[in-house]
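Asks: There's a structure below that I have some questions on.
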Amino acid sequence: MKKVITYGTYDLLHYGHTRLLERAKALGDYLIVGVTSDDFDKTRGKINVEQSLNERVQAIKETGIADEVIIEEYEGQKIDDIIKYDIDIFAIGSDWAGYFDYLKEYCEVVYLDRTKGISSSQLREERASVRLGMVGSSPILAKMAREVSYVNGVTLHAVCTDDIAHLPEEMSIDLVTSDYEAMLAHVDAVYVHSDPASHYEQVKKALEEKKHVLCETPVALSKEETSSLYALAKEQGVILMEALKTAYSLAYQRLLVLLKSGRIGRIVSVDATCTSLRDIEGDASTRFAPKWNSICTWGPTAMLPVFQFLGTDYKEKRITSQMDPVKENYDLFSKIDFLYEDAVASIKVAKGVKSEGELVISGTKGYLYVPAPWWKTDYYETRFENPANNKRYFYQLDGEGIRYEIVAFARTINSDVNLSRIDEEMSIAFAGVLEDFYAGKDCVRINVAPDAEVTTTVQA
């Protein structure tokens, strides 16, 4: 019996796929089809897959062409499979011509002509075209624009900004304006990265215009405002998602699964640190971005693992902040301690202080350590009393998680499944902490006066 094997993603299975499978089957007596897993696709930079692995496997089975379906999960698996299944012919589309010649050492390699005029990328573009607009004046807009280019079905059509210096010169945009309403009229969805105090009104306006919104964390600066925005999105039948790139990175997602499986036992402590000094350039009057203080810039990111592992129902919290002597409500450094029924957590965030940006999660069996900068990690370790049981985990990180965030946003818009990694409860919890900071609730504020001793103000 002559065995044939072929591989593919088979997203949105179409006539071109089935024709290729039929030609592969005709080469022998038994056809094995390898369907690439979601994780393997991501390591190859292929993040635009619209269907889940189970859906793609089921679609292949339903064609009745494959005699056997297997999952491709790692680099180099093709050689292992050829040997394991005693393969005679490896078949693949002609767009890979020459690439798999190294397999000729193990079996015959055949490149099959693909059906012209149809592709999964084309189908995704037709099915899920989202015209995106962006608003803000942050350098993150340029990064966001670059990441959008990696995502099928999403195109950047308009930008609302007062500072075009942050936009790449080579970027092609239909509309660049300082008129927010004009931008909204030009798009289907909007990414908001402006002054945190402006988020509520801008998000509200977009939702009222029935535009989908991806808003950089925090969505708003109070629990009531945040809750009302989610209610408005539901009323208008549109999507509101909080943008926090760490939550969408592959390593962080795998970390969640690992810890929820009980690998380090019951979690009793979470310690997260996020700091940066990138805004401290220039003279004294401009050395800090006035609109993004430490707690708005880093607070939700640092709180992410706390709320995901320990929940949002903490019993007490204490916010200790060192305040800028000139800028109102600008914390150079904040430390927040959370007390739970059976656990504790502590986060440190800063834009005026530098520290080791690591994440440590302690459990009853061991602990998990993520080195700096943990918020865009591709590596972490589980450590135990016996070092022989320690294990390291590595995952590829593309675009700091931003492109995966965009993919989740686009898929949520075009499906009945909400793929947001930050749910409404967590968004409201983030906003609640920020609201208390601005109100001075549960706060200890260290006021640093120029050329003077440190003074401390305690507010209940």
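Asks: Among all residue pairs at least 6 apart or on different chains, which show Cβ distances below 8 Å where the first residue, located in the range 206-231, is closer than 11 Å to residue 188 by Cα and the second is among the polar types (S, T, N, Q)?
Replies: 207/236; 210/236
Asks: Provide a single number: the residues in the range 410-449 that are under 19 Å from residue 228 (Cβ atoms), in contact with an Asp or Glu (Cβ under 8 Å, 6 or more places away or on another chain) and surrounded by fewer than 19 Cβ atoms within 10 Å (Cβ to Cβ).
Replies: Qualifying residue count for the region: 1.
Asks: What is the number of the single condition among (1) within 18 Å of residue 199 (Cβ to Cβ); (2) touching a His at 6+ places or on another chain (Cβ under 6 Å) that residue 433 does not meet?
Replies: Tallying (1) within 18 Å of residue 199 (Cβ to Cβ); (2) touching a His at 6+ places or on another chain (Cβ under 6 Å), residue 433 fails exactly one: (2).
Asks: Going by what's in this entry, would residue 232 be described as crowded, with 22+ Cβ neighbours inside 10 Å and at pLDDT 95 or above?
Replies: Criteria not met by residue 232.
Asks: How about the range 387-407: which of its residues are touching a Phe, Trp or Tyr at 6+ places or on another chain (Cβ under 6 Å) and under 20 Å from residue 152 (Cα atoms)?
Replies: 401, 403, 404, 405
Asks: Then there is this: Pick from the range 149-163 the residues that are buried (at least 18 other Cβ atoms within 10 Å of the Cβ) and under 17 Å from the mean Cα position of the chain (by Cα): which of them is nearest to residue 173 (Cα to Cα)?
Replies: 154
Asks: Here are 300, 325: which of them is within 22 Å of residue 379 (Cα to Cα) and touching a Pro at 6+ places or on another chain (Cβ under 6 Å)?
Replies: Going through 300, 325 in turn, just one is within 22 Å of residue 379 (Cα to Cα) and touching a Pro at 6+ places or on another chain (Cβ under 6 Å): 300.
Matching residues to (1) in contact with a helix residue (DSSP H, G or I) (Cβ under 6 Å, 6 or more places away or on another chain); (2) in the same structural domain as residue 324 (by TED's automatic domain parsing); (3) free of Cβ contacts under 8 Å to residues at least 24 places away in the same chain:
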site: 375; (1), (2), (3): yes, yes, no
site: 379; (1), (2), (3): no, yes, no
site: 392; (1), (2), (3): no, yes, yes
site: 409; (1), (2), (3): no, yes, no
site: 412; (1), (2), (3): no, yes, no
site: 420; (1), (2), (3): no, yes, no
site: 423; (1), (2), (3): no, yes, yes
site: 440; (1), (2), (3): no, yes, yes
site: 445; (1), (2), (3): no, yes, no
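Asks: Being aliphatic (A, V, I, L, M) and part of a helix (DSSP H, G or I) is the filter; apply it to the range 1-34 and report the residue that is farthest from residue 70 (Cα to Cα).
Replies: Within the range 1-34, the match that is farthest from residue 70 (Cα to Cα) is 20.
Asks: Please go through (1) modelled with pLDDT of 80 or more; (2) over 24 Å from the mean Cα position of the chain (by Cα); (3) not acidic (Asp, Glu) for residue 119 and return the number of the only condition it doesn't satisfy.
Replies: Result: residue 119 fails condition (1) only.
Asks: Now for a separate question. Take residue 260 and decide whether it is surrounded by fewer than 17 Cβ atoms within 10 Å (Cβ to Cβ) and under 29 Å from residue 399 (Cβ atoms).
Replies: Criteria met by residue 260.
Every residue, every condition in (1) under 28 Å from residue 143 (Cβ atoms); (2) more than 22 Å from the chain's Cα centre (by Cα); (3) assigned to a helix (DSSP H, G or I), yes or no:
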position	(1), (2), (3)
328	no, yes, no
337	no, yes, no
352	yes, yes, no
381	no, no, no
402	yes, no, yes
406	yes, no, yes
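Asks: Is the range 312-328 home to any residue that is acidic (Asp, Glu), touching a Ser or Thr at 6+ places or on another chain (Cβ under 9 Å), surrounded by fewer than 17 Cβ atoms within 10 Å (Cβ to Cβ) and not assigned by TED's automatic domain parsing to the domain that holds residue 217?
Replies: Looking for residues that are acidic (Asp, Glu), touching a Ser or Thr at 6+ places or on another chain (Cβ under 9 Å), surrounded by fewer than 17 Cβ atoms within 10 Å (Cβ to Cβ) and not assigned by TED's automatic domain parsing to the domain that holds residue 217, one finds none in the range 312-328, hence no.
Asks: Criterion first (in contact with a Pro (Cβ under 6 Å, 6 or more places away or on another chain) and at pLDDT below 85) does residue 128 satisfy it?
Replies: Spelling it out, it is not the case that residue 128 is in contact with a Pro (Cβ under 6 Å, 6 or more places away or on another chain) and at pLDDT below 85.
The values are calculated or read from the model by the stated rules, or taken from the named source; none is laboratory data. Keep in mind that this is a model prediction, so the values were computed, not measured. Here the Cβ is made from the backbone with ideal geometry for all residues, glycine too, and neighbour counts use every protein chain on show.
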